[in-house]
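Below is one structure, written out as C-alpha cells, with a few remarks after it.
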Amino acid sequence: MIAQTNNANSQMLQKAWAAAPFTKIRERAFEGAFFSVALIAMAGWVYFITLLLVRLALWFLG
C-alpha cells in the first residue's frame with residue numbers, strides 16, 4: 001500500500017516538474033502581451049495629445 005502511494009506521489013511530482021517550464025513560458029508570454037498592449041495604448045495617447053497640441057498651436061498662430 002505504501003509503495004503504491006509513493007509511486008503515485010512520484011508520478012505526480014514528475015508531471016508537475018514537466019509542466020513547470022510550460023507554465024513559466026505561458027506566464028512570460030502573458031506578461032509580454034500585456035506589456036505590448038500597454039505600450040501601444042501609451043503610444044496612442046502620446047500621439048493623440050501631440051496632435052491636439054499641434055492643432056492648438058496652429059489655431060493660436062492662424
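Tabulated results
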{"quantity": "Chain lengthening between Val46 and Gln14 when straightened (0.36 nm per residue, less Cα-Cα)", "calculated": "6.6 nm"}
{"quantity": "Under Karplus coefficients 6.51, -1.76 and 1.60, residue-wise ³J(HN,Hα) of region 35-52 in Hz, glycine/proline x", "calculated": "5, 5, 5, 5, 5, 5, 5, 5, 5, x, 5, 4, 4, 4, 5, 4, 4, 5"}
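Since every read-out is calculated from the coordinates, none of them should be taken as a lab result. Just so it is clear, the structure is predicted and the values come from calculations on it, not from any experiment.
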